[in-house]
Each structure stands twice: as C-alpha cells, then as structure tokens.
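Everything below concerns the one structure shown next.
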Amino acid sequence: MSNTTQHKLRVLFVDDEESIANVMRIELPHMGHDTVVCEDGDTAIASLKTHTFDAAIVDLRMPGTSGWDVIEQIKKQSPETEVVISTGHGDMDDAIRAIREGAYDFLPKPSTLAQFSAVLNRIGEKQELKNKNIALESRLKAVQGETRMVGESAPMQRVTKLIERVAPTDSSVLILGETGTGKELVARRIHDLSLRASKAFVAVNCGALPENLVESEFFGHRKGAFTGAETARKGLFEVANGGTLFLDELGELDRSMQVKLLRFLESGEVRRVGENEAFHVDVRIVCATNRDLQDMVDESSFREDLFFRVNTFEIHLPPLRERQADIPALTQFLVARHLKRSDVPANFITPEAQEVLMQHGWSGNVRELANVIEHAVILSDGDKITPEDLPSSVLRHARQRNNVLPFADRDKTLREVEMEMIHHVLAKHDGDKPKTASELGIALKTLYNKLNQYQSSAG
C-alpha cells in the first residue's frame, strides 16, 4: 500500500523497532518524501550534522539515546524542523509534555500509513504558508503596485502578448531592459498569469547580495556551516518551491555562482551550504538584466552555457522614451496608486503639466516617472498637479528643449491634449498616418481608433 501527498518534505524517521523502520524506508518515499530512517538515537543525532529536515517523526522510548535526546538536538540544530512524537498509549503524559515544549503533533502506536501521510501533509501546508509569508515580506520591501501592464503603445502591446504566451508554460524567461523599465513588474505578471500563481513569488537582486553570502542566500545553510551560521536557514530556492524565483541583475553574479545556478537549472537540485546531499525543488526561474549578456559571454565574464539556459524565452522592455504615448496613462495610474484612489479625475494632471512630462527624456524610465509623480502629488494642493509641482530638473529639461506645443496655455482635458498631440504630429508628417503612429509609439490600428473616437465625440 502506498499513499501520495502534494507536499514533498525531507523527513527524519527514528524508531528502534526494525519492522517499523523497514516499512517506513519503503512507504515514506512512496508518499513522495526524501527520507532518512534511523533505528537508534545516536544515528539520528549524527544525521542532523549532515542533513536538514522539514519534519522528524521520533519514537520517545528507545534504549540508549532516547527520543528526548534526539528532539533536544533537533531544536538546537534546526529549530524550523517540525517534530512529531510517536508514542504508545501508555505514554500520553510524555506526548502532552512534548507538545507543550514545541512538538507539532503526536501519533499513537501503532499508526496507519494514512495517519503518517495526513500529519506530513499538514506540515507541508504549514511550510508552504511560511514560505509564502517570507516571499511576501520580500515583495513588500519594494514599492508594490497592481500587477498589470499599463500602456497601449505598439512596443507595450508586443510585451503584453509575449507575457501572455509564455506565462502558462514553465520555460525560463530572460527580461532585458534599461534600469527602471519595470522588469520586476513583468516577472510578477508572468507569475500571476501562470499555473504557479497560488505559490510564492520570490524576488532577489543579485547585485545587492554580499559576495560571501550569495550561495547561502540562494541555497540555505545548516547550522555551523560557517562563522555566524548559528541556526539552519532556508535558501531562496527552497522558499520559492512550487513558485517562481526572480533573479534581477543576473549579470552581476560571479562565475562561481553562475556554475551553481547552471547546475540547478540542469538538475532541479539544491544543496545547502555545509550539507552533503542535494534535494529537489520545483522552481521556475525568471531572470532580468540591464547588461548585454552576449557581450559578457564574448568577454568571458558570463558563461555561454548559462546564457543559453536562461535565455529560453526573451522579453525586451522598451525604454520610456520609445513609448511616450503611454505617458498619460502611466501618470494617471501612478497618481491613483500614490493617492490610493481609483476615482482620480482625468484632468488631475493639468494639460500644461502633462506637456512638460511629455517633453522630458526619462533616462530613468518608469521608475523616474514614478518618483516625479510622487514628488508632484506631495507638492500639489490636492486637486490638481501643475507644472509648478514638478521637480525643477524636469521643468529645466522642458525649457531646454524649447518645444512646448502651442496649446499649452489653454484649459483642456487630458484626452484633448492627447488628440492635439496626435494632430500636431499628423501635420508634421503631412497626414502620413504610418509615420505618425511610428513617432507616437503606437500601433497604426490604435491611431485610427483614437481618431475615430475623437471624431465621434466631436460630432
């Protein structure tokens, strides 16, 4: 008889009864768990020095080193390990004591395989929830917004279509783009549209990790693996198990870590620092970089085999200067996000302020735009954003370009500003709609739709 579980755990089973130990050597792996079975306390304690476990099922009554001694060592070596007591009906006082001291549960002897499977499944659910909480904390460290792509320009339409095509698969994705273009937002959108959406999304900036701790951050470590490793710790690959791991600034990884990442991509296995045996995790990898990895390959600073592995599917995010037509929608979205409102009026940003934003070069891309909008919202009177509310650097850039459109001094809605911008560019190109759409950064079909909408409303 075998039972299955949706949670794969690393399990330590300790029982001095040979028949029970032999059964569990067979049945626990059949349930889907990586298992170490020990028939005495000394062997169990020795295994704690080389392995880290998600769960331990321990018989309290054993000759020599008792179950209590094993549990004590588990709590010292790996306090995250959930302990399940296996005890006879006459030892209920011991079971109650163990629960009070932090044991997860107890199983009466003899127990059925279904009981073992059920308690391990509950532990798996608890571990998954814990991993999600860790992942959530990492996401809250960054400014969080709605995970949808904003903009109807032709470049963003292409990006959206690529996201929708690749999200349901398990393929590795490489997101390329300048700093501030929203690469993490794309990674989160891929996760949210995938079959892994209910699992953890874990983001890590490879360039921000201390060089001597990168391996531990990625793969975890056992207690005592290095100076300062006072307790066992899960790595990010383990936390993201079942979900998505987003590796931002991939080009900052040194070659030694590139080798370890390649090994994971080939095998799906990770090994905690200080441990001898690897274990399998189910993680989708999405990477991003603002560097040219092909140039790095040519310079021998990035492994070619890793480049091929992570570049299964490539998405290139355009800089904001190549999608200026999206600026009005982006500013509206960013104002609503900052004010935590969904009913922000379309003319909250005055036409004059919107024109200044359209003139700016946005070398910092959407991230720079978000900072500018936050600055403007803080300075505004609460009813509207005027040019005077924008940072001086943005105003200075607009004056230097000296290209403010002639309708800047009239009171217009955002839609009217948009349409006059379209007509201004149309006139510049003598009515050539393909050239107009190209300069505005929108699809030709979108241009026709906007012109038709404007004519309908004008009529």
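Placing R0 at 45 angstrom, the Cβ-Cβ distance between residue 445 and residue 300 gives a FRET efficiency of 0.50 after rounding to 0.05. In percent, rounded to a whole number, the relative contact order of the chain is 13, using alpha-carbon pairs under 8 Å and six or more apart.
For residue 165 and residue 429, the FRET efficiency from 1/(1 + (r/R0)^6), where r spans their Cβ atoms and R0 equals 41 Å, is about 0.80. With neighbour counts taken as other beta-carbon atoms within 10 Å, the residues 384, 132 rank, fewest first, as 384, 132. Backbone amide hydrogens, once placed in the peptide plane, bring residue 107 within less than 5 Å of 85, 86, 87, excluding anything fewer than 5 places away on its chain. Here the simple spin-label model places points 7 Å from the Cα toward Cβ, and for residue 231 and residue 80 these points are separated by 1.0 nm.
By DSSP, the beta bridges lying fully in the chain are antiparallel in about 10 percent of cases.
Considering only alpha-carbon pairs that sit under 8 angstrom and 6 or more positions apart, the relative contact order computed for the stretch 1-115 is 23 percent.
Highest mean first, the peptides 51-58, 391-398 sorted by other C-beta atoms within 10 Å per residue fall in the order 51-58, 391-398. Helices that extend 30 Å or more along their long axis by alpha-carbon positions and average at least -1.0 on the Kyte-Doolittle scale are, among the DSSP H runs of the chain, 113-140. In the stretch 142-317, Cα pairs under 8 Å separated by at least six residues give a relative contact order of 31 percent.
May I ask you to list the lysines whose Cα is less than 29 Å away from that of residue 109, ignoring any residue fewer than eight positions away on the same chain? Partners within reach: 8, 49, 75, 76, 126.
Each of [x] -0.39, -0.51, -0.73; [y] -0.24, -0.33, -0.55; [z] -0.28, -0.38, -0.64 is a candidate for log10 I(q)/I(0) by the Debye sum over Cα atoms at q = 0.06, 0.07, 0.09 Å⁻¹; the one calculated from this structure is [x].
We did not get these values from a lab; they are worked out from the coordinates using the rules stated. Keep in mind it's a predicted model, so treat the numbers as computed, not measured. Cβ coordinates were reconstructed from backbone atoms using ideal geometry, including for glycine residues, and neighbour counts include every protein chain displayed.
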